[in-house]
Amino acid sequence: MPANATQADDNALHGLIDLERYPIDQLDGERGRALVDECRAQLGQDGCVVLKGFVPDEALTRLERETERLSPEAHYNQTETNPYNSDGDPSLPASHPKNRFGDRTNGFVAGDRIGADTIIRQVYSDPGFQRFIASVVGMEEIHQYADPLADLVVNVLREGCQHPWHYDTNEFIVTMMTRQSEGGGRFEYAPGIRSPEGENFDGVEKVIDGDRAQIKSLDLQPGDLQIFFGRYSLHRVTPVEGDRERHTVIFAYAKEPGFIGRPERAKRIFGRMAPVHERLLEEGMQRSDSLAD
């Protein structure tokens, strides 16, 4: 999405986002530039920025109803996974992060289940919203995923669900909580623990062993927008407690067009592959960096 999108594109955001508090429709103005600078500073400091109350109460009620309606479409699965969503490596010690598996039990509503008429799909595709995200992450433009399952996702966590320490497949991720659980479900992360230059397996092993020296913990609430460098920061969601489900919308963008997740990852998370994944599985695919997934 080009960064020079016109202000007319931002009209769809009115009523859905607290534009008085977060003037993302005025990025060329003083307040808009100040907002971007503040977000960039926070993101540069620890790889994460949270905009509290990004969605006003009235719109939040609508969003909560929407994710509640979509939640029965979630595919739930229980697996044992390592931080890289990969198989173990028998050539490495049992203590190595690639051989450290934790319980992952959660649900995802795939993108092809989320219609074009939904609020979350409209926000995801909105040029003004994309322009703001691109500005914050320091890119001229960002691109929606070409992955029909992972482009826009609702993560649904019921009691006992959790997501152990892991990385995201793309450089950054944008999420919006629409419903909080009664207890648990805390987001924890180790900022920038790896980089394109190296995995830092020793540091990752310490985190898995319980060392909290690098760990930050967030008490996210419905209506909060989070921008997070999840490809480089190890992170998890602690087990959900109580009967109330935890719902989070995941807006997936990439710095390059045509991004598609690995077929085996789609199979693990969504329980199925789209035709594009099946084709890639036949042809083989290459990642643009050498990091483990």
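The numbers here are math on the coordinates, done by the rules we state, and not lab data. Just so we're clear, the structure is a prediction, and the values are computed from it rather than from any experiment. A quick note on method: Cβ atoms are made from the backbone with ideal geometry, for glycine too, and the neighbour counts reach across all protein chains shown.
Pairs of alpha-carbon atoms within less than 8 angstrom and 6+ residues apart define the contacts here; what relative contact order does the range 76-127 have, in percent? Working shown, then result.
On the way: 51 pairs, mean separation 18.3, N = 52.
For the range 76-127, the relative contact order is 35 percent.
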Original post:
Which one of GLN130, VAL174, GLY185 has its Cα pushed farthest toward the positive end of the charge dipole of the range 120-237, where Lys and Arg give +1 and Asp and Glu give -1 at the Cβ?
Top reply: GLY185
Subject >> Within-13-Å neighbourhood charge of ILE173 [Cβ basis; K, R +1; D, E -1] >> reply: -1
**OP:** Any chance you could check the Cα centroid distance between the range 89-125 and the range 230-283 for me, in angstrom?
**Re:** 4
Subject >> Estimated dipole of the range 7-283 in Debye, rounded to 20 [Cβ of Lys and Arg +1, of Asp and Glu -1, Cα centre] >> reply: 460
Subject >> Dipole of the chain [Lys/Arg +1, Asp/Glu -1 at C-beta], most positive-end residue of LEU220, LEU51, PHE251 >> reply: LEU220
**OP:** Assign one of three labels to the chain, namely rounded, prolate or oblate, based on the Cα gyration tensor with a ≥ b ≥ c the square roots of its eigenvalues; rounded applies when a/c is under 1.5, prolate when it is not and a/b is larger than b/c, and oblate otherwise.
**Re:** rounded
**OP:** Would you work out the relative contact order for the range 7-283, in percent, from Cα pairs under 8 angstrom that are 6 or more residues apart?
**Re:** 25
Original post:
Given the options ALA254, ALA110, ALA12, which has the most mean-square fluctuation in a GNM of the chain, springs set between C-alpha atoms less than 10 angstrom apart?
Top reply: ALA12
